[in-house]
Every structure is written in C-alpha cells, then in structure tokens.
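Bear in mind that the values in this text are calculations on the coordinates, not laboratory data. Predicted model, so just to flag it, every value in this text is computed and none were measured. Reconstructed Cβ throughout: ideal geometry from the backbone, glycine too, with neighbour counts over all protein chains shown.
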Amino acid sequence: MKLKSLAGTIGLTLAVSQAAFALPNGRPFQELSQAVADNTALIGENLEAITSIQSNIATINTQLDTINGTLTSLDTRVSANTAGIDAAVLRIATNEGDIETLESDLGILRGDMEFELESLRTELSSDLDSAIADLVDANVALAANLAQSVVDLTAAIVAGDATVEATLNSQVTLLSAQVTSNTARIGSLESWKSSIITQIDSNTVRVATLESELAALKTTVESFHDVCVESISIGQSIGGELVNDATCTSDSRNEHGARYYTFTVPTQQSVTIHMLGSHSNDGTLRDPYLYLHAGDRTGTVISNDDDAGTGWNARITRTLNPGTYTIEATSFSSTQYGTFSLQIQ
C-alpha cells in the first residue's frame with residue numbers, strides 16, 4: 001500500500017482555517033485568534049514529521065519491490081535445478097545411453113548444483129537477510145515516528161478544531177495501516193526465505209541420492225559387461241581358455257588366470273561341475289582348479305577343488321538351494337595357461 005502526500009491536504013486545511021478565523025478585534029476574538037495561530041504552528045511542525053514518514057514509507061516500498069524481484073529470481077533458479085535433477089533421475093531409471101557419459105553428466109550437474117546451491121545460500125544469508133533487516137529497521141523507525149506524531153497531533157488539536165482533527169486522524173490511520181502492512185510483509189518474506197532454504201536442502205539430498213544410485217548402476221553395468229564372465233546352464237558343456245594377458249585373473253588365487261561362469265538353480269538339487277584339461281584330452285590346461293561362489297564372482301566361496309576329477313582334472317559335487325551361483329575356473333599354478341572344457345550336470 002502506498003501513502004498519499006499529506007502536505008497538500010494539510011496546507012489547504014490551514015488556508016481554510018486562517019480564512020475562517022480572521023475575526024474582528026476584541027479581547028475574546030484576540031484570544032481565539034492567538035489559539036488558532038498557535039495550533040497552526042504546531043500543525044506546521046507536524047507536517048515536517050509526516051513528510052519524513054512518507055519518505056520512509058517510499059523507501060520501504062522500494063526495498064520490498066527489490067526483495068520481491070530477488071525472490072522471484074531465486075524461485076526460477078531453484079525450479080531450473082529441480083528440472084535438471086529430474087532429468088538425471090529419469091536417465092538413471094531407464095539406463096539411457098552410455099554409463100560413462102551418464103556419470104560424466106551427473107558429475108557436471110553436481111558441480112553446477114554445488115555452485116548454484118552455495119550461491120543461493122550466500123544470497124539468502126547476505127543480500128536477503130540484509131534487506132529484511134533494513135526493512136525491519138525502517139519499519140521500526142516508521143512506527144516510532146508514527147507514535148511521536150500521534151502524541152504531537154493530540155497536543156495540537158486540544159483546541160478542538162473538528163476539520164483539522166478529522167484530517168490528521170485520517171492521516172494517522174493511514175500511517176498505522178502502512179506499519180501493519182509492512183510488518184505482515186516482513187513476516188511473509190521470512191516465511192518465503194525459509195521455504196527456499198528447505199528446497200535447497202532437499203536438492204542437496206537429491207544430488208547425493210543420485211550419486212549413490214549411479215554408483216550402484218555403474219557396478220551393475222560393469223558386472224554385466226565383464227569380459228571375464230559368461231553364462232552357463234545346468235546340462236551344458238562349453239570350452240574356455242586361460243591366457244597370460246592379465247585381463248581375467250583369479251579372485252581366489254593371486255596372479256592366476258581365471259574365467260567365470262554364472263548359472264541359476266531353479267529348485268534345490270545336486271549339481272556336479274567338471275573342469276577338464278589335458279589329462280583327459282579335453283584341452284591343453286595341465287592342472288585345472290575350481291571354486292564355486294554364492295551369487296556373483298565376489299560372493300562367498302562355498303566349495304573348491306583341485307584334483308577330485310580324473311587325473312588332475314577338477315570336480316565339485318554339491319547340493320544347492322535355489323539361486324544364482326558363479327564358477328571360478330582357474331589353475332593350480334600361476335604359470336599354467338591353456339584351454340579347458342567346463343561341464344555342469
């Protein structure tokens with residue numbers, strides 16, 4: 001709410017009052033004329049105070065407009081950040097595109113978000129807080145001026161001029177309404193600021209969550225694309241080879257070559273795994289070695305064998321519960337490489 005100027009209204013009232021009290025000579029009339037003159041002087045002094053109050057109100061209104069503009073800009077930036085995060089969430093949910101590109105994009109997003117969120121916090125803790133503090137100070141000064149003006153105006157209208165009293169009472173009412181309105185606006189700004197800080201904190205948590213989800217997704221994708229891992233089914237026989245290139249190595253036997261084979265057990269049953277090499281003319285590997293993991297290749301080793309098969313061939317027989325298992329096919333010696341045959345019965 002904007003206050004209108006009081007000077008014109010009160011100036012006109014003074015002119016009318018002076019014309020109305022140009023009375024004939026005589027003691028009673030002289031005393032009345034003197035009272036009018038004294039009252040007019042006091043009203044003139046109040047005009048300066050009211051003009052000062054009007055100036056304070058104009059400054060406060062300008063500050064409010066500036067703060068509203070700043071908060072609108074902050075809202076836009078928070079919305080933009082939210083949209084960026086939502087896009088990244090969608091890409092993770094659908095596994096769209098290459099995982100490395102997605103990781104790079106999220107890293108860039110995190111960097112941008114950290115800068116943006118820190119910038120927002122800085123503005124809220126400095127510019128907006130400072131503006132609200134200035135607004136509060138100005139409103140306190142306005143309230144003080146209003147209180148003093150009420151006192152001065154009360155003293156000025158003791159003579160009981162109804163016209164002057166009505167005009168000044170109207171202006172004091174307007175000033176009181178402005179103080180009340182400004183107080184409400186200050187409360188609204190502080191509430192708005194609290195809401196924006198909540199959004200900033202929420203976005204910070206969402207970025208951290210995205211990083212965690214992406215790390216899990218990357219692990220899954222890397223496992224899926226692991227060149228050392230293949231799938232095999234119960235009843236199947238496939239050929240493999242250990243090579244000396246450090247690409248596929250044993251997790252159980254340091255520096256040994258290895259290949260990994262995952263399979264699923266649908267119902268509880270006894271399973272026999274054969275790893276056959278040169279001794280049975282099923283490959284060139286001299287001394288095969290088997291490990292059986294629960295789950296993926298990093299799972300717990302539940303069984304292992306060196307020479308339970310024919311000659312130096314490896315064999316594991318075990319009753320397995322439903323689930324996924326991984327065979328680690330390696331060698332007894334770290335210097336042994338060659339081809340082999342793997343069978344599950």
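Some notes on this structure:
- In Hz, Karplus ³J(HN,Hα) per residue of the range 232-244 (6.51, -1.76, 1.60; θ = phi - 60°; x = Gly, Pro): 9, 10, 4, x, 9, 10, 9, x, x, 8, 9, 10, 9
- Between Thr76 and Thr324, the distance separating the two model label sites (each 7 Å from Cα on the Cα→Cβ line) works out to 4.8 nm.
- The simple Förster model, with R0 at 35 Å and r as the Cβ-Cβ distance, assigns Ser195 and Thr59 a FRET efficiency of 0.85.
- Cβ crowding within 10 Å averaged over residues, with 312-319, 241-248 ranked highest first: 312-319, 241-248
- Point-to-point label distance, Thr247-Thr272, nm (Cα→Cβ direction, 7 Å offset): 3.3 nm
- Placing R0 at 35 angstrom, the Cβ-Cβ distance between Asp134 and Ser202 gives a FRET efficiency of 0.75 after rounding to 0.05.
- Sum of side-chain charges, Cys248 neighbourhood, beta-carbon under 11 Å (Lys, Arg +1; Asp, Glu -1): -4
- Remark: the Glu255-Asp306 segment gains 16.7 nm on full extension, using 0.36 nm per residue and subtracting the alpha carbon distance.
- Distant-in-sequence amide H partners of Thr249 (H built 1.01 Å from N, under 5 Å): Ala258
- Potential lengthening between Asp296 and Ala184 on full extension [0.36 nm per residue; Cα-Cα distance subtracted]: 34.1 nm
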